[in-house]
Amino acid sequence: MMESSELSTIEKLLPLAEKYGLAVLLTFILLMILIVLVRMIINGDLVPRRLLDKAEEDRDRLQAILDKEREELWEPVLDVFKSIKKVEKAEESDS
């Protein structure tokens, strides 16, 4: 059964349907629904599942590439820090 809020909404729309015609009222309602859907698509709230899956796969692939590059970039820096630590430990043990 319909809830009271749905009935009150229908009761408010019926005078408009009588005044302007049911076809015009339904066209206006469908136009509003279409506008909301287009806004959702533009904002990214409504995205086809296959596009979302593809975007996630691309993101994961690119993140793996970035992680590999970051590791290659920081490896020499870490080696320098390790050698500095070894030198400091050797200096401490000599003292």
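Structural remarks
- Every residue from the stretch 42-73 that is open to solvent by less than 80 Å² (accessible area, probe 1.4 Å) and either under 26 Å from residue 9 (Cβ atoms) or outside any helix (DSSP H, G or I) (or both): 44, 46, 47, 48
- Residues that are part of a loop (DSSP other than H, G, I, E, B) and loosely packed, with under 11 Cβ neighbours inside 10 Å were ranked within the stretch 1-41; the one that is modelled with the highest pLDDT is 3.
The values are calculated or read from the model by the stated rules, or taken from the named source; none is laboratory data. None of these values were measured; they are calculated from a predicted model. Cβ: placed from backbone, ideal geometry, glycine included. Neighbour counts: every protein chain shown. Just the protein is used for accessible areas: all its heavy atoms, side chains included, with ligands, DNA and RNA removed. Shrake-Rupley method; radii C 1.70, N 1.55, O 1.52, S 1.80 Å.
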